[in-house]
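Here is the structure we will look at.
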Amino acid sequence: MDDLGDHDIVVLCVLKGGYQFCADLVERIKALSRNSNHTIPMRVHFIRLRSYLNDQSTEDLHILGAEDLSFLAGKNVLIVEGIVGTGKTMETLLKHVEAFRPKMIKVAGLLVKRVQHSLACVPDYVGFEIPNRFVVGYALDYNEYFRDLNHICVISESGKKKYKV
């Protein structure tokens, strides 16, 4: 709230893994806004990133719904992501968003993995730092399974085998 001040924001929710965190975060910002002396008008927009096959990140990143983000010009943008690993995907997304010339960009990541290599992009706001393990639940998936879990957990090797594509 202190960083955003009285400025309206565009929340850019990264689907599919970020939707639950984004919904909860937007509700929390609205509650804080209601209980303060200033309100923060928000717009929520959704984009989808695809870069995983099974439990491996691929070099092939697809950004869906981000073809024309011209409405971000001059706006304060809050990108909301469920999990950040190496940060390469987020770095690519940031470059894409920056091309539309927003006034400010901040990134909120619920989970950030502890990886051996330094992150290419560290979120401005981090919920939790976790070991470099493949986690599911709270909208995070393994081949579209386990998004419905209301908790976050590490998927077992037998689970990976069972739901492998």
- Could you give every pair whose Cβ atoms fall below 8 Å, whose first residue belongs to segment 7-23 and is of a type in the set (D, E), and whose second residue is open to solvent by less than 30 Å² (accessible area, probe 1.4 Å), counting only separations of at least 6 or pairs across chains? D8/I40; D8/N76
- Task: Considering each of G87, G74, G127, G109 in turn, give the residue that is small (G, A, S) and touching a residue at least 40 places away in the same chain (Cβ under 8 Å).
- Result: G127
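State all residues of segment 131-142 that are free of Cβ contacts under 8 Å to residues at least 40 places away in the same chain and either open to solvent by less than 30 Å² (accessible area, probe 1.4 Å) or within 22 Å of Y19 (Cβ to Cβ) (or both); if no residue qualifies, say none.
Of everything in segment 131-142, those that are free of Cβ contacts under 8 Å to residues at least 40 places away in the same chain and either open to solvent by less than 30 Å² (accessible area, probe 1.4 Å) or within 22 Å of Y19 (Cβ to Cβ) (or both) turn out to be R133, V136, G137.
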- Task: Would you tally the residues in segment 94-111 being closer than 16 Å to Y19 by Cβ and either among the small types (G, A, S) or modelled with pLDDT under 95 (or both)?
- Result: 2
- Task: Considering (1) crowded, with 19+ Cβ neighbours inside 10 Å; (2) closer than 21 Å to F46 by Cβ; (3) modelled with pLDDT under 95, say which one G74 fails and leave the rest.
- Result: (1)
- Message: Please count how many residues of segment 40-64 are at pLDDT 75 or above, in a loop (DSSP other than H, G, I, E, B) and surrounded by fewer than 16 Cβ atoms within 10 Å (Cβ to Cβ).
- Response: 1
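The values are calculated or read from the model by the stated rules, or taken from the named source; none is laboratory data. As the structure is a computational prediction, the values presented were derived from the model and not from experiment. Cβ coordinates were reconstructed from backbone atoms using ideal geometry, including for glycine residues, and neighbour counts include every protein chain displayed. Surface areas here come from the heavy atoms of the whole protein model, side chains and all, with no ligands, DNA or RNA. Shrake-Rupley method; radii C 1.70, N 1.55, O 1.52, S 1.80 Å.
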